[in-house]
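Student: Structure provided below as structure tokens; questions to follow.
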Amino acid sequence: MEKPQALAALSALANDARLDLMRLLMPLGDQGLAAGEISRVLGLSSSRLSFHLSALEQAGLIRSRKLARNVFYSVDAAGMGGTISFLLNDCCMEHPEVLACCRRGDSAKSTVTEPQGS
């Protein structure tokens with residue numbers, strides 16, 4: 001991945017709603033989720049969601065597919081992997097402490113939850 005692509009991806013991820021969106025879609029794999037369901041789960045209006053989805057898609061982090069009347073979104077694993085690889089290999093130069101933190105797997109895991117009272 002080239003520096004401009006990495007910067008676009010990192011910039012797209014540097015937003016609370018977009019990061020939540022990625023965390024929601026990542027475990028769903030290629031199946032993804034319909035835009036309406038994403039909107040419901042994250043509590044975003046259609047226009048706000050469209051804005052965030054567009055930013056992530058332009059950055060190469062998600063992809064869309066139309067099925068009947070719905071548009072489904074899923075994580076572009078190669079795009080996400082390329083971004084992480086850029087950070088680990090190009091920026092961190094495979095520093096042993098950085099790599100150890102990534103491989104440990106003992107960091108606290110959090111999940112995206114449905115908004116309360118929306």
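Student: Which one, 21, 56, 33, has the greatest fluctuation when you compute a Gaussian network model over the chain with C-alpha springs under 10 angstrom?
Tutor: Between 21, 56, 33, it is 33 that shows the largest mean-square fluctuation.
Student: Between 86, 51, 72, where does the largest GNM mean-square fluctuation fall for the chain, given springs only between Cα atoms within less than 10 Å?
Tutor: Of 86, 51, 72, the Gaussian network model singles out 51 as fluctuating most.
Student: Grab the other residues whose beta carbon is less than 10 angstrom from that of residue 62, score K and R as +1, D and E as -1, and report the net.
Tutor: Net charge around residue 62: 0.
Student: Out of (1) 41, 37, 27; (2) 46, 30, 23; (3) 39, 26, 23, which label holds the value of Cα extents along the principal axes in Å that was computed here?
Tutor: (2)
Student: Another question, then. Which of these, 97, 37, 57, has the largest mean-square fluctuation under a Gaussian network model of the chain (Cα springs below 10 Å)?
Tutor: 97
No value in this document is a laboratory result; all are computed from the given coordinates. Every value quoted in this text rests on a predicted model; they were computed, and no experiment measured them. With ideal geometry, Cβ positions are generated from the backbone for all residues, glycine too; neighbour counts draw on all protein chains shown.
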